[in-house]
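Trainee: Sharing a structure, written as structure tokens. Questions coming.
Each reported figure results from applying straightforward, stated rules to the coordinates on display, with no laboratory input. Everything quoted here is computed from the prediction, not taken from an experiment. Here the Cβ positions follow ideal geometry from the backbone for every residue, glycine too, while neighbour counts run over all protein chains shown.
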Amino acid sequence: MASDTTKNSHHVCPWWLGYAIDNPLRRLFHDPEKLLAPYLRAGMSALDIGCGMGMFSLGMAKLVGPNGKVVAADLQQKMLEEMAKRSRADGLSERIHPHLCASDRLGVAGPFDFALAFYVLHEAPHPRLLMEEVFGQLTSKGRWLVAEPKVHVSAAQFEELRSLAGRVGFVEVGRPDVCFSYAVLLEKPEELVLE
């Protein structure tokens, strides 16, 4: 699925399905604030990759507070428009910055203290390129939480993604328990300073 050289077969979730995915019932299983509270603090900068209609972006914005920043990246304009509408309704639009990315790259400007890819990596056409881009945009010791749905991704496919992240340079620092999901917490190692 995610070898260094082969293209990942992918299918991008259509924008209209976002209404079914981002619903109150799902929040019982994937409460954004509860799930992300261990990784985000006030004043941090965060990146939500494949933000959809903003379920996690809004939670992230609450956690980073008024002095923090969340870049909500998606490749579908309609998803970003709905996310922006929700952020205005929740009074969080000053902290959330929508970003329309290309199909083959994020094109975001960091650095970020934290990144999230929730049910997104299996849709990426080139997982390694995405991982390399995220790695380059994270701060030293910055963390990336990756969660993939067990219904779409096999255990073997997830292990290949996890292994690929290690080859890119990430260090695994945890395996959070995320309902219905495989999940891994990755960290960008502290940069070595040569004297």
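Trainee: Amide H of Lys141: which non-local residues (sequence gap of 5 or more, or other chain) have their own amide H closer than 5 Å, using H built in the peptide plane?
Mentor: Amide H neighbours of Lys141: Lys188, Glu190, Glu191.
Trainee: Going by amide H atoms built from the backbone, whose H comes under 5 Å of the H on Cys51, apart from near neighbours?
Mentor: Hits under the 5 Å cutoff: Ala73, Asp74.
Trainee: So if R0 is 45 Å, what FRET efficiency would Glu160 and Glu94 give, r being the distance between their Cβ atoms, rounded to the nearest 0.05?
Mentor: 0.70
Trainee: Between Arg175 and Glu191, how many nm apart are label points set 7 Å from Cα along the C-beta direction?
Mentor: 3.2
Trainee: If the viscosity is 1.306 mPa s and the temperature 10 °C, what translational diffusion coefficient in µm²/s does Stokes-Einstein give for region 43-195 when Rh comes from Kirkwood over Cα pairs?
Mentor: After rounding, the answer is 101 µm²/s.
Trainee: Can you give the FRET efficiency to the nearest 0.05 for Gln77 and Val151, using r as the Cβ-Cβ distance and R₀ = 30 Å?
Mentor: On the way: r = 27 Å, r/R0 = 0.90.
The formula returns an efficiency of 0.65 here.
Trainee: Please get the size of the charge dipole for region 15-187, origin at its Cα centre, with Cβ charges of +1 on Lys and Arg and -1 on Asp and Glu, quoted in debye to the nearest 20.
Mentor: Working: 19 positive and 20 negative charges, 65 e Å.
Dipole of region 15-187, to the nearest 20 debye: 320 debye.
Trainee: Amide H to amide H under 5 Å from Gly174: which residues, 5+ apart in sequence or cross-chain, H placed 1.01 Å off N in plane?
Mentor: Here Leu185 satisfy the definition.
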